[in-house]
1. Can you send over the carbon and sulfur percentage of the accessible area for the range 47-173, probe radius 1.4 Å, protein chains only?
2. Roll a 1.4 Å probe over the protein chains and send me the accessible area per residue for the range 87-182 in Å².
3. If each of Gln69 and Asp183 carries a label point 7 Å out from its Cα toward its Cβ, how far apart are those two points in nm?
4. Could you compute how much accessible surface His53 exposes when probed at 1.4 Å, giving the result in Å² to the nearest 10?
5. Mind listing the Cα extents of the range 55-198 along all three principal axes, in Å, largest one first?
6. Considering amide H positions built from the backbone, and no H for Pro or chain starts, which residues 5 or more places from Leu47, or on another chain, come under 5 Å of its amide H?
7. What's the local net charge at Pro150, with K and R +1, D and E -1, over the other residues with C-beta under 12 Å away?
8. Along Cα→Cβ, 7 Å out, is where each label goes; now give me the distance between the ones at Thr168 and Thr136 in nm to one decimal.
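The values are calculated or read from the model by the stated rules, or taken from the named source; none is laboratory data. These numbers come from a predicted model, not from an experiment. Here the Cβ positions follow ideal geometry from the backbone for every residue, glycine too, while neighbour counts run over all protein chains shown. In case anyone asks, the SASA skips ligands and DNA or RNA and just uses the protein heavy atoms, side chains included. Shrake-Rupley method; radii C 1.70, N 1.55, O 1.52, S 1.80 Å.
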Amino acid sequence: MSLRTTIFLIAVGIAVGIVAYINPFQSPPEVKKDAPWFYQVAEDDILAISVRHRGQQVSFERDEEDFWQFENLPGVAPTHRRWGGMVLILTGPNTRRLLQQEVKSPAQYGLDDPDTVVNVTLRNGRTVEVNLADKTTDGTNHYGQIAGFPDLFLITAGWGDVLTRLVTEPPFPEWFVTRNYDDIIELSIIRTTHHGGD
């Protein structure tokens, strides 16, 4: 084999190696974008929470000592087993994806009369109103929108289920018993006297 043929073969081998290493025919790697946040607020900024679901509502607020209580039941704190982490959840979920930048037909997604409306009251008079409407056909996501903004998002159904359960099964402490006034047939008041020297 001549020297010229050997050099040619070596050059071809190097060229093939470079092409194989660089691979100009390979498509560039797909950059995966993170799903946008539905909304984001600081946990310490949340002062009150109200959840309305299909005509029923429950509300919570921070008291003067920064403890959470039922808004209409001063001194009654939600049970920690159910309430622990709830405020963190309400700082804002990550969405599945932005579905539309502007909703042209709110009724198509149930946004004309959303199943669940969550109001988060923040310091300095700010509020965030979250509208959670119908679930997607596979039941894994809600259609969600922030009041005052046109964007339509897909929100994981688990987030909405946790919030609606606050209404359907309020997190009362075990010692708290609710009674229907119509069921009360008797009220007894017993006066006791104290005997002994003080």
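1. Numbers: 3110 of 6780 Å².
That share works out to 46 percent.
2. On the way: 5430 Å² over 96 residues.
Counting only protein heavy atoms, the per-residue value for the range 87-182 is 57 Å².
3. In this crude label model, Gln69 to Asp183 measures out at 2.5 nm.
4. Spelled out: His53, probe radius 1.4 Å, area about 30 Å².
5. Each principal axis gives a Cα extent; for the range 55-198 these are 78, 37, 25 Å.
6. It is Thr121, Leu122, Arg123, by chain and number.
7. Details: positive: Lys104; negative: Glu102, Asp151.
Computed value for this residue: -1.
8. Placing both labels 7 Å beyond Cα along the Cβ direction yields 2.1 nm.
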